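One structure below.
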Amino acid sequence: MAKLTYKRRQSLPKKEFAIPSKAPKSGSYPIDTANRARNALARVSQYGTASEKRMVRAKVAGRYPGIGRGK
């Protein structure tokens, strides 16, 4: 997985984030790859509010059904 640089992050469409920002570009918790989706779940578990956790889990489950389910 390539490093997500500032420039690349800014070029991602809002649909690539679990929590799209109100700002024109970027958002929180990028989920453009399966590895980043796993990382989003880990980070929101550490730092997210209850509503953020629900949003991120729902977005990741919709895009990557096998992730976060314990298979």
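Side notes on the structure shown:
- With the helix formula -39500 (n - 2.57) applied to DSSP H stretches of n ≥ 4, the chain reaches a computed 222 nm mean residue ellipticity of -14500 deg cm²/dmol.
- Based on alpha-carbon atoms, the Kirkwood radius and the radius of gyration of the chain give Rg/Rh equal to 0.95.
- Remark: spin-label model distance R54-R38 equals 2.8 nm, labels positioned 7 Å along the Cα→Cβ axis.
- Total lysine pairs under 26 Å (Cα atoms) in the chain, excluding pairs fewer than 8 apart on one chain: 24
- Angle in degrees between helix 50-63 and the longest Cα principal axis of the chain, rounded to the nearest 10: 90
- Net charge of Cβ neighbours under 11 Å - reference G48; Lys, Arg +1; Asp, Glu -1: +3
- C-alpha long axis of helix 34-47 to longest principal axis of the chain, angle in °: 80
Readers should treat all values here as calculations from the given coordinates under stated rules, not as data from a laboratory. If you're wondering where the values come from, they're calculated on a predicted model, not measured in any experiment. Don't worry about glycine lacking a Cβ; one is built from the backbone with ideal geometry, like all the others, and counts go over all protein chains shown.
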